[in-house]
């Protein structure tokens with residue numbers, strides 16, 4: 001019986017798309033779709049208007065960045081809070097409100113927790129996640145992970161009419177199925 005090798009970041013990106021879709025649909029009550037094209041990019045960046053980044057470390061290491069326009073971030077925040085039962089008149093009114101960033105951070109945490117579980121189930125590999133940091137930005141900031149050779153991918157998703165992107169940087173590894 002032969003072995004098959006796959007670039008780990010591509011496998012994790014595929015899992016990420018379905019995990020993000022399921023997690024965000026459940027928490028916002030909205031339809032979430034994703035592009036079936038995963039982009040290979042030269043570097044990952046935190047981009048305006050609202051971004052959230054989190055590192056993971058263990059059997060595989062990397063960094064995930066979620067980038068939202070103000071409209072997309074606010075839509076995710078609003079739908080999440082309404083799904084949680086918060087009355088509409090108690091919602092924040094702009095993405096400058098700290099609860100919007102806090103909500104994106106919380107959703108990123110849920111999403112990463114599920115991703116780690118899904119990767120462990122499929123590949124029997126484990127990682128731990130750091131604390132997601134969400135912030136509003138006026139200009140893009142490029143981040144690099146401390147790995148000899150990093151692979152970078154961009155995933156494109158949509159919630160309602162709003163697009164957002166997930167950028168992933170991981171050390172270059174291959175998963176070899178025995």
Of all residues making up region 144-178, the number that are in a strand (DSSP E or B), out of contact with any helix residue (DSSP H, G or I) (no Cβ under 9 Å at 6 or more places or on another chain) and surrounded by fewer than 13 Cβ atoms within 10 Å (Cβ to Cβ)
1
Unmet criterion (only one of (1) at pLDDT below 95; (2) crowded, with 19+ Cβ neighbours inside 10 Å) for residue 28
(1)
Can you tell me which of (1) on the phi > 0 side of the Ramachandran plot; (2) crowded, with 18+ Cβ neighbours inside 10 Å is the one residue 85 doesn't meet?
(2)
Going by what's in this entry, would residue 98 be described as at pLDDT 95 or above and either under 18 Å from residue 150 (Cβ atoms) or surrounded by 13 or more Cβ atoms within 10 Å (Cβ to Cβ) (or both)?
no
Being touching a helix residue (DSSP H, G or I) at 6+ places or on another chain (Cβ under 9 Å), surrounded by 14 or more Cβ atoms within 10 Å (Cβ to Cβ) and assigned to a helix (DSSP H, G or I), is that true of even one residue in region 123-137?
yes
Residues 86, 66, 46: which one is over 13 Å from the mean Cα position of the chain (by Cα) and either over 18 Å from residue 154 (Cα atoms) or in contact (Cβ under 8 Å) with a residue 60 or more places away in the chain (or both)?
86
Which one of 104, 141 is surrounded by fewer than 17 Cβ atoms within 10 Å (Cβ to Cβ), over 30 Å from residue 177 (Cβ atoms) and either in contact with a helix residue (DSSP H, G or I) (Cβ under 9 Å, 6 or more places away or on another chain) or touching a residue at least 60 places away in the same chain (Cβ under 8 Å) (or both)?
141
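The values are calculated or read from the model by the stated rules, or taken from the named source; none is laboratory data. Quantities reported herein were computed from a predicted structural model and do not represent experimental measurements. We place every Cβ from the backbone using ideal geometry, glycine too, and count neighbours over all the protein chains shown.
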